[in-house]
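Nothing in this text is a laboratory measurement; each read-out follows from the coordinates by a stated rule. All figures in this text were calculated on a predicted structure; none of them were measured in a lab. Don't worry about glycine lacking a Cβ; one is built from the backbone with ideal geometry, like all the others, and counts go over all protein chains shown.
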Amino acid sequence: MALGFVAITEGSWPVARRREAGRGLRVLTAPFTVAAPSGARIRDRLRVEPADATVLRLVGEHLGRHQRADLAERVQLGNVRAGDTRRAERKRKLTAVSSSRWAGAMTRASEDQYQLAVRCLYDERAGLRRAIHAITRRLVAPCGKGSKGGVRGYANQNERAQKQRRLHVLQARLAVVESRIAAGHPSITVGGRDLARLRHHLADAHLTETDWSQRWRARRLFLTADGESGAPHGNYTITVDPEDGTVTLVLPKPLRHLANAPRGRYRLAATVRFSHRREEWLDRVTAHGAVRYDIACDPASGRWYLDASWTVEKAVQPSPDELKASGAQMLGVDLNADHLAACVLDVHGNPIGEPITIPLELTGCTATRDGRLRAAISALIAFARKNACTGIAIEDLGFAAARATGRESMGRGRRGKTFRRTVAGIPTARFRERLRGMTYRSGLVVAAVDPAYTSRWGGQHWTKPLQRQSKKTTVTRHHGASVAIGRRALGYGIRRRPGVTGHHRRMVVRRATGQAVTPPRTCGTASPPRTAGTPSQGDKTRPFQGDQLALFPGPQDRSEGHRDSSTGSVRGERPALAIANRNGTVAWYGSGDGGRWTAC
């Protein structure tokens with residue numbers, strides 16, 4: 001499930017092994033290196049005065065109203081070629097009510113929103129088709145019986161009837177999506193569809209109509225200025241002086257009477273500094289490179305923010321094969337709903353040291369969750385650099401198919417519902433993007449692997465060996481999964497061959513049976529006689545031919561006891577053991593009841 005990663009090394013990684021039941025394993029995709037981020041974005045707070053806030057709201061509402069009208073016109077054109085979007089005509093119309101640069105930013109934003117909505121329509125259609133296919137297969141299977149052809153039917157007639165109604169609902173939604181795709185008219189709600197629906201449930205959200213209106217108006221402001229190379233400090237529409245941090249912006253033509261600076265510009269009393277990545281921003285603006293600025297408002301706190309973003313040169317990341325050839329260590333990471341499990345692996349895929357568990361508490365508001373996620377990633381990067389790791393291996397998770405067919409393939413009842421909620425709460429996309437940017441800044445490489453069978457095989461083959469190796473950590477199956485992820489990123493198999501390596505090289509009795517297997521023999525039979533040139537087939541390496549134990553009869557002495565006439569043996573006699581030399585002479589002998597050994 002590749003969602004968002006850019007594969008630098010393409011291809012497939014076939015593992016066509018067959019299970020005993022006859023079902024084949026899925027073909028795994030090859031591990032690939034996650035591409036470096038193509039841009040940077042930083043934020044600083046604008047401590048504006050009430051008068052400045054009023055001007056910003058007027059400008060944002062004026063531009064937002066015309067941008068929404070341009071977006072509606074773009075949607076009516078449908079899915080046409082890039083040359084048939086009539087952008088020049090729309091831009092001339094917007095220039096009359098704003099400026100040339102504001103008009104260019106608005107038409108570009110309309111095109112980006114339209115293309116994003118079309119991609120979302122295609123994704124929704126794919127998800128609906130998966131869900132319809134899964135329900136249809138289960139409806140064909142007999143109800144209340146075992147699986148038929150690998151497909152399990154529904155438990156009872158009541159559940160089957162509910163699924164039939166669910167199928168009709170999904171088919172109706174799919175028909176609407178298909179018609180929108182054919183017409184090229186996606187549904188776009190500027191400000192957010194969730195916030196628009198919240199208008200009818202204010203009591204449940206503990207909001208008043210005034211609070212909702214403030215949020216709605218803040219979401220629909222348009223204060224975005226695209227960068228321009230060669231312009232003063234990289235942007236003419238919104239300009240930030242790198243020396244004193246003053247912010248000025250060009251006012252639209254109907255609002256030019258509010259200008260307090262030359263050439264129809266408005267200067268804010270607030271200043272910005274951009275503490276985070278300030279050096280990069282200074283290098284960019286002093287060279288008059290293109291920098292985009294976005295002004296946003298948080299109505300809940302009444303704060304204003306200024307975001308600066310720019311593109312960076314694409315860096316070529318090393319492939320997994322190159323990482324392995326360099327002899328660097330890898331940190332395998334398993335992402336879970338409440339923690340990160342990690343383990344360090346050497347170049348041969350062997351775990352090193354103690355595995356760690358990093359808590360991941362994702363509760364609270366969005367800003368709090370995002371901060372905790374960044375803190376967990378920072379701890380992960382610090383652990384990787386402490387252990388001299390060059391890369392971090394993670395799973396290429398997305399859960400797109402799982403979310404589409406969750407009710408059919410992820411359990412039923414209360415337990416299945418809890419499991420689906422757990423899967424939905426794992427921040428796969430946000431974790432992926434945050435990790436990609438932060439690791440690149442730290443000089444690390446992120447390798448993504450196919451998530452198939454990592455938890456199952458990792459827990460089966462690596463939990464016990466890790467627990468024997470770890471003295472202070474309680475190893476779980478998630479730590480085993482992290483080892484499996486790291487081994488797959490290095491190109492090794494996950495499953496351990498039985499008996500290849502023991503946990504102690506001197507005290508373990510078994511041999512490396514995965515490489516040299518002892519042929520089985522019938523129980524009760526003795527090993528064939530060996531000579532010096534015969535290779536050893538037992539559990540002990542024999543340096544000399546005669547160094548083996550042999551049974552010899554005890555010394556025939558009259559004082560040993562009376563011989564039994566029925567059995568022919570001496571009463572009270574126990575066989576003696578003797579060690580023979582290379583020439584066959586007895587060197588040591590002793591009684592079989594643990595007596596004293598005597599040299600000959």
Q: Assign unit charges at the C-beta atoms only (+1 for Lys and Arg, -1 for Asp and Glu), then state the dipole size of the stretch 48-200 relative to its Cα centre in Debye, rounded to the nearest 20.
A: 920
Q) Along the charge dipole of the stretch 219-311, Cβ charges K/R +1 and D/E -1, which of 221, 235, 248 sits furthest on the positive end? A) 221
Q: Quick one: give the max-minus-min coordinate of the C-alpha atoms of the stretch 128-195 along each principal axis, largest first, in Å.
A: 49, 26, 16
(Q) If you take every residue apart from residue 448 with its C-beta less than 9 Å away from the C-beta of residue 448, what net charge results, scoring Lys and Arg +1 and Asp and Glu -1? (A) -2
**Q.** Local electrostatic count at residue 379 - Lys and Arg +1, Asp and Glu -1, tallied over other residues with Cβ under 12 Å
**A.** +4
Q.
Using the crude model of +1 on Lys and Arg Cβ and -1 on Asp and Glu Cβ, and no other charge, please compute the dipole size for the stretch 226-352 relative to its Cα centre, in debye to 20.
A. 860
Q: Could you pull out the GluC sites (Glu not before Pro) across the stretch 234-287 that fall in loop regions by DSSP (anything but H, G, I, E, B) with no more than 11 other Cβ atoms inside 10 Å?
A: 243
Q) Just the projected area, averaged over all directions, of the convex hull on the alpha carbon atoms of the stretch 164-284: how many nm²? A) 14.2
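Excluding residue 458 itself, calculate the net charge of residues whose Cβ lies under 14 Å from the Cβ of residue 458, where each Lys or Arg counts +1 and each Asp or Glu counts -1.
Once all neighbours under 14 Å are counted, the net charge is +4.
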Q. Farthest toward the dipole's positive end in the stretch 257-314, which of 293, 308, 262, given Cβ charges of +1 (Lys, Arg) and -1 (Asp, Glu) about the Cα centre?
A. 262
Q: For the stretch 219-311, compute Rh as the Kirkwood radius over C-alpha pairs and then the Stokes-Einstein diffusion coefficient at 37 °C and 0.692 mPa s; write the answer in µm²/s, rounded to an integer.
A: 237
Q) Shape of the stretch 48-200 from its Cα gyration tensor (a ≥ b ≥ c, root eigenvalues): rounded if a/c is under 1.5, otherwise prolate when a/b > b/c, or oblate? A) prolate
(Q) Which of rounded, prolate or oblate describes the stretch 267-370 when judged by the alpha-carbon gyration tensor and an a/c cut-off of 1.5? (A) oblate
Q. For residue 198 and residue 165, FRET efficiency with R0 = 25 Å and r from the beta-carbon atoms, rounded to 0.05?
A. 0.35
(Q) Explain nothing, just compute: Karplus ³J(HN,Hα) = 6.51 cos²θ - 1.76 cosθ + 1.60, θ = phi - 60°, for every residue of the stretch 416-422 in order, whole Hz, x for Gly and Pro. (A) x, 5, 5, 5, 5, 5, 5
Q. Got a sec to turn the phi values of the stretch 111-116 into Karplus ³J(HN,Hα) couplings, 6.51 cos²θ - 1.76 cosθ + 1.60 with θ = phi - 60°, whole Hz, x for Gly and Pro?
A. 5, 5, 5, 5, 5, 5
Q: Would you please name the trypsin sites (Lys or Arg not before Pro) within the stretch 121-229 that are DSSP coil residues with at most 15 other C-beta atoms within 10 Å of their C-beta?
A: 145, 152, 199
